[in-house]
Amino acid sequence: MAIPVLVADDSKLSRRSVIRSLPPELEYDISEATNGKEAIALLAQQTFELILLDLTMPEVDGVGVLEYLSAQEIKTNVIVISADFQPEKQRIVLSLGAKRFIRKPLDKEELAMTVFELGYL
């Protein structure tokens, strides 16, 4: 069965890179959001097992999406993929329930290992 995945990033190039970097051993049902507001709208409509989330997006940023997930008590696996690698930002996103923080530019092997560590496969 396909894993429902939400990829939220304002850069189409980054979304494509993330999607291409997912481990090919698994099957995915991928939805895309170009900002946090779109991500929240999708989260209100359906359930995702895995969210791959950028932090710096227009309208609502990645922290806002994590705050929404927390407020709605939505339990899901969130991997933050961001160039904003400040220690304080990492602490905030992890405290809001993100499972891992991966630095951009994305390392395909690091993403695959993280997905497997979360129990997929």
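The values are calculated or read from the model by the stated rules, or taken from the named source; none is laboratory data. None of these values were measured; they are calculated from a predicted model. Here the Cβ is made from the backbone with ideal geometry for all residues, glycine too, and neighbour counts use every protein chain on show. Accessible surface is based on the protein model in full, side chains and every heavy atom, while ligands, DNA and RNA are left aside. Shrake-Rupley method; radii C 1.70, N 1.55, O 1.52, S 1.80 Å.
Pairs linking a residue in the range 42-60 that is under 20 Å from LEU111 (Cα atoms) and without any contact (Cβ under 8 Å) to a residue 40 or more places away in the chain to a residue that is open to solvent by 10 Å² or more (accessible area, probe 1.4 Å) and hydrophobic (A, V, I, L, M, F, W, C), with Cβ atoms under 8 Å and 6 or more positions apart or on different chains, are LEU55/VAL63. Sub-8 Å Cβ pairs linking a first residue in the range 103-121 that is closer than 16 Å to ARG15 by Cα to a second residue that is open to solvent by 100 Å² or more (accessible area, probe 1.4 Å), at least 6 apart or interchain, are LYS108/ARG20, ordered by first then second residue. Total residues in the range 72-89 satisfying the condition of being part of a helix (DSSP H, G or I) and either in contact with an Asp or Glu (Cβ under 9 Å, 6 or more places away or on another chain) or among the basic types (Lys, Arg) (or both): the figure is 1. A single member of PHE116, PHE85, PHE48 is aromatic (Phe, Trp, Tyr) and buried (at least 19 other Cβ atoms within 10 Å of the Cβ), and it is PHE48. The condition (being touching a strand residue (DSSP E or B) at 6+ places or on another chain (Cβ under 8 Å), open to solvent by less than 50 Å² (accessible area, probe 1.4 Å) and not in a loop (DSSP other than H, G, I, E, B)) is satisfied by just one residue among LEU69, LEU94, LEU55, LEU26: LEU69. For LYS12, the requirement of being basic (Lys, Arg) and farther than 18 Å from PRO105 by Cα is not met. Is there a residue being of a type outside the set (Asp, Glu) and over 22 Å from MET113 (Cα atoms) anywhere in the range 22-34? Checking the range 22-34: at least one residue is of a type outside the set (Asp, Glu) and over 22 Å from MET113 (Cα atoms). Against the conditions (1) open to solvent by less than 20 Å² (accessible area, probe 1.4 Å); (2) at pLDDT below 95, GLY36 satisfies every one except (2). Among the residues of the range 5-64, those identified as out of contact with any helix residue (DSSP H, G or I) (no Cβ under 9 Å at 6 or more places or on another chain), within 21 Å of GLY97 (Cβ to Cβ) and not aliphatic (A, V, I, L, M) are ASN35, GLU38, GLN45, GLN46, THR47, GLU49. Does ASP9 satisfy the criteria of being acidic (Asp, Glu) and open to solvent by less than 10 Å² (accessible area, probe 1.4 Å)? Yes; evaluated as a whole, the condition is true for this residue.
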